[in-house]
Amino acid sequence: MKYLPVIGLEVHVELKTKSKMFCGCSTQYFGKAPNSQTCAVCLGMPGGLPVPNKKAIEWCILIGIALNGKIALHSKFDRKNYFYPDLAKGYQISQYDMPFAKNGYLILQNGKKIRIRRVHMEEDTGKLMHEKINGESVSLIDFNRSGVPLVEIVTEPDFENAEEVKEYLQALQQIVRYLEVSDANMERGEMRLEPNISLTVKKGVLPPYKVEVKNINSFKFVEKAINFEIKRQEILLSDGITPPQETRGWNETKNETILQRVKEEANDYRYFPEPDIPPIQLTNEIIEKLTKFIPELPNIKAKRFKSSYDLSSYDIEILTRDKNTADFFDKAVLDGKSFSVTPKQIANYIINKKPDIEKSVPSEIIKTILSSSKSNTIDEQKLTSVIEKVLQENKNAINDYKNGKTNVIMYLLGQVLRLYDEKIDPKLVKENLEKYLNNN
Amino acid sequence: MNTLTLTEAIENLKNKSFSSVELTNACISRIQNTDSKLNAVITLIKEQAIENAEKSDVKRSKGIDLPLLGIPYVLKDNFSTQNIRTTASSNVLANFIPPYNATVVQKLEDAGAILIGKTNLDAWAHGSSTETSDFGPTKNPWNVGYLPGGSSGGSAASIAANQAIFAIGSETAGSIRQPASWCGVVGLKPTYGRVSRFGVVAMASSLDSPGPLTKTVKDAALVLKVIAGHDPKDATSSPLLVPDYANNLQNKKKMTIGVSEDYFNSVDSQVANAVYKAIEEFEKKGMLIKKIKLFDPKYAISDYTIIQRAEVSSNLARYDGIRYGNGRDMFGEEAKRRIMLGTFTLSSGYYDAYYNKAVKVRTEIINDFNKAFSEVDAIVAPTAPTAALPLGATKENSMFGELADVLVEPSSIAGLSGINVTCGFTSLGLPIGMQIIGPQFKEEVVLQLAHLFEQNTLFHKQQAKL
């Protein structure tokens, strides 16, 4: 390919605080009757005033810290002014030039650093619903989502392909879940993805255009959308056409991006400091205190699982995927120590048997492993001597095997099992037998 | 009865000289008899008020006492009132009935006060005349050919006409003090953040300060005590404790009063002379008068205009025509002008030249006052350059408000406390107002000085003849 993709990402994560960002209404709008979770503040009624949710701000800062960002000691909220029917006040309270966190990064498996430009706090909008009532097409507004805390995480255009984007997104989703600040459930819109894609001819040279794909709700679709865009733009560029600066949407049924609107010039949101909310001052002590709330994050946990337990990367990937499983595993390893149950045994058990960790306790798992492994414990010395004895007595069979009659092994296996006289995994015996036959 | 001050009315209700029902009826009758001339009240709350008065009489008979139990008051119509329409004197909100009370309204209700009417204002509080109201202009009780000032013109006129015992207004820059001055009543503009803004239809959010309009300084102190304080619904409200202003009206020390000549430039000579005389009165009472040099207030006009218009353009965006029944075409000329100007000054490419610069100038003005308050306890100046102007004066003058408010804008930008008291009358018999400006959260100081002046003069005793 003569073009190099330049991809950046904007991700919105809804926080799972009990109440909304600027009022006391519940954030649990999912499945609730339209406009039932609202008040004067989130409906933007005259005289309604925003009072910031302390927990939401702390959680936004936690995300910033977890993404290695620099936390601002002095920050503020701003008004982003624009008209849209789902925007109750005619402006969104967001953060413009002083986000809570800046200059973070996340490192991919291949060691590549994805720079995170900013992590800021804002409020969600209401939702438009286009329906037919009595045969008439109408647009309805549900403000239940209006004012739900939203954290926006913006990267630099550091991605070069869809795989990197997907890995970053999975890592990000995992981090916010580890922090327990969001469920980041894509189908519920708790995590929304907006890649911007363009192609350059030379690494490090930003192209003169950018195509944004809005509101994608699955990692798979992000991958598809990016790959589709790369192809689409490649064709245009090969024809000497610079793709226009535009916003597109992902069409799941057609498997393609479709034009939503052309951005002829940047929107003028007329940002200015939100006068209803005093600036927010943090101290290093507060930041340190918050940092203590950050649990061991997936990448650090993975390193520890490798160094302390010597697990395969496959095992580690599965065990650290969600925090509860990882915590359960850690506890089980601790409980298993005194019974000489190895981390590997526990990992195997959790991965293969998939116990419901919500319902079981680690010590029970250890008991189960112990009782099942008793019968499977192999006395290696005994097995070796039995195999040697059987082979000694069946030299003809060895010759047959070497001459290609390999199914003679089944006869030998039967002899070994009979002589061993204890319950033993036949597969294991067969493996050992094969080793002997091939070496002798 | 309706002519009584708040202090007197409380006394009489306590002594059971009359009931709250009688007092409330007297005020309502007064509104009914005078308001065709004044147009101060745009929504009269009759049945509900009488009902509440009956309830408060029952409470009192049971020995319950509350600071304002059974006292009828009027409220500027930009304060949200549950189940009572709240229009901000704009057709956009002509049919809006809020499902919630402003914090000030709730506090007054909890203190036993009885709402009897919602008063006229310049639409959206945009103005200093009450002439831009979509419900018609309010007239000055001292002479109905004259303006009451604004934007709390309805509240000021209502008190001057003894339609209620006290009134609530709101000031962004001058909207309490200037109409109080033109209508000859006391108007207290508390420090920004002293009184909650929750439920007040926002004009310029970084400036809006609700406050009382009353017949005496002590009345203002009593009302402030009730409405002030931290509100969990307003992040800009101050957590500072609220002092007992009314029991702390006697100044305990000799105070220094600052006088800045720039506040007397281009002021009508009758007004200037009355204020100079008042300053002499303070001197006679043992106060130290000190000449100070403040920034010329004219610089505040452009600074205030830019900040206020920017915030207005954003605050009025919520009236997008989808809710409240009426669309943006219902905005009056003044609101449209302000939206246009504010939108312009916030636009990219202009933000630094206008809004950002204005914020910096604002800091300079705050510093200028801080410097002054390191030398003086309070500053005395005329409230407005002139006494009330004739009806129609705002026509063809889109900057009318800013010019009428030139002397109160600097202290509003700085979020200071201030009060208007009457200090004379013009040859036409119109009241002249003097303002006393104090540092932030020093309402006690301005109240003490205003009280001292009032105790030694008779201007507040004069009544408008309707």
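The values are calculated or read from the model by the stated rules, or taken from the named source; none is laboratory data. None of these values were measured; they are calculated from a predicted model. Quick reminder, even Gly has a Cβ in these numbers, built from the backbone with ideal geometry, and neighbours come from all protein chains shown.
In region B:40-52, the condition of being within 12 Å of chain A (Cβ to nearest Cβ), closer than 28 Å to residue B:245 by Cβ, surrounded by fewer than 24 Cβ atoms within 10 Å (Cβ to Cβ) and at pLDDT 95 or above is met by no residue.
Is region B:321-343 home to any residue that is at pLDDT 95 or above and touching a strand residue (DSSP E or B) at 6+ places or on another chain (Cβ under 7 Å)? No, every residue in region B:321-343 fails to be at pLDDT 95 or above and touching a strand residue (DSSP E or B) at 6+ places or on another chain (Cβ under 7 Å).
Looking at this structure, is residue A:180 assigned by TED's automatic domain parsing to the domain that holds residue A:230 and assigned to a strand (DSSP E or B)?
no
Of the residues B:106, B:82, only one is more than 11 Å from chain A (Cβ to nearest Cβ), under 15 Å from residue A:47 (Cα atoms) and either modelled with pLDDT of 95 or more or over 18 Å from the mean Cα position of the chain (by Cα) (or both); which?
Working: B:82 fails: more than 11 Å from chain A (Cβ to nearest Cβ).
Of the residues listed, the single one that is more than 11 Å from chain A (Cβ to nearest Cβ), under 15 Å from residue A:47 (Cα atoms) and either modelled with pLDDT of 95 or more or over 18 Å from the mean Cα position of the chain (by Cα) (or both) is B:106.
Of all the criteria given as (1) closer than 29 Å to residue A:287 by Cα; (2) buried (at least 21 other Cβ atoms within 10 Å of the Cβ); (3) not β-branched (Val, Ile, Thr), the one not satisfied by residue A:159 is (1). Has region B:376-383 got any residue that is more than 27 Å from residue B:280 (Cα to Cα) and among the aliphatic types (A, V, I, L, M)? Taking every residue of region B:376-383 in turn, none turns out to be more than 27 Å from residue B:280 (Cα to Cα) and among the aliphatic types (A, V, I, L, M). Taking the conditions (1) within 14 Å of chain B (Cβ to nearest Cβ); (2) farther than 21 Å from residue B:206 by Cα; (3) of a type in the set (A, V, I, L, M, F, W, C) in turn, residue A:41 satisfies each one other than (2). For region A:72-98, filtered to residues that are touching a helix residue (DSSP H, G or I) at 6+ places or on another chain (Cβ under 8 Å) and not aromatic (Phe, Trp, Tyr), the residue that is nearest to the other protein chains (Cβ to nearest Cβ) is A:90. Regarding residue B:350, is this residue within 14 Å of chain A (Cβ to nearest Cβ), part of a loop (DSSP other than H, G, I, E, B) and in contact (Cβ under 8 Å) with a residue 12 or more places away in the chain? Against the criterion (within 14 Å of chain A (Cβ to nearest Cβ), part of a loop (DSSP other than H, G, I, E, B) and in contact (Cβ under 8 Å) with a residue 12 or more places away in the chain), residue B:350 does not qualify. For region B:186-234, residues that are touching a Pro at 6+ places or on another chain (Cβ under 8 Å), within 14 Å of another protein chain (Cβ to nearest Cβ) and either crowded, with 23+ Cβ neighbours inside 10 Å or over 15 Å from residue B:417 (Cα atoms) (or both) total 12. Just so you know, in region A:17-44 the residues that are surrounded by fewer than 20 Cβ atoms within 10 Å (Cβ to Cβ) and charged (D, E, K, R) include one that is farthest from the chain's Cα centre (by Cα), and it is A:32. One residue stands out among those in region A:271-293 that are within 30 Å of residue A:217 (Cβ to Cβ) and either surrounded by fewer than 16 Cβ atoms within 10 Å (Cβ to Cβ) or of a type in the set (D, E, K, R) (or both): the one that is farthest from the other protein chains (Cβ to nearest Cβ), which is A:293. Any residue at all in region A:243-266 that's of a type outside the set (A, V, I, L, M, F, W, C), within 14 Å of another protein chain (Cβ to nearest Cβ) and assigned to a loop (DSSP other than H, G, I, E, B)? Checked region A:243-266: at least one residue is of a type outside the set (A, V, I, L, M, F, W, C), within 14 Å of another protein chain (Cβ to nearest Cβ) and assigned to a loop (DSSP other than H, G, I, E, B). Inspection of region A:401-412 finds a residue satisfying the criterion of being hydroxyl-bearing (Ser, Thr, Tyr), assigned to a helix (DSSP H, G or I) and assigned by TED's automatic domain parsing to the domain that holds residue A:425. Screening the candidates A:414, A:336 for the property of being under 22 Å from residue A:313 (Cα atoms) and of a type in the set (Gly, Ala, Ser) yields one hit, A:336.
Counting residues in region B:315-324 that are among the polar types (S, T, N, Q), within 14 Å of chain A (Cβ to nearest Cβ) and under 24 Å from residue A:277 (Cα atoms) gives one or more.
Would you check if there is a residue in region B:168-178 being away from chain A (no Cβ under 14 Å), surrounded by fewer than 24 Cβ atoms within 10 Å (Cβ to Cβ) and either out of contact with any strand residue (DSSP E or B) (no Cβ under 9 Å at 6 or more places or on another chain) or of a type in the set (Ser, Thr, Tyr) (or both)? No, region B:168-178 has no match at all. Does region B:362-382 include one or more residues that are under 21 Å from residue B:204 (Cβ atoms), more than 23 Å from the chain's Cα centre (by Cα), modelled with pLDDT of 95 or more and within 14 Å of chain A (Cβ to nearest Cβ)? Taking every residue of region B:362-382 in turn, at least one turns out to be under 21 Å from residue B:204 (Cβ atoms), more than 23 Å from the chain's Cα centre (by Cα), modelled with pLDDT of 95 or more and within 14 Å of chain A (Cβ to nearest Cβ).
So is residue A:53 within 14 Å of chain B (Cβ to nearest Cβ), polar (S, T, N, Q) and surrounded by 22 or more Cβ atoms within 10 Å (Cβ to Cβ) or not? Considered against the rule, which asks whether it is within 14 Å of chain B (Cβ to nearest Cβ), polar (S, T, N, Q) and surrounded by 22 or more Cβ atoms within 10 Å (Cβ to Cβ), residue A:53 comes out as yes.
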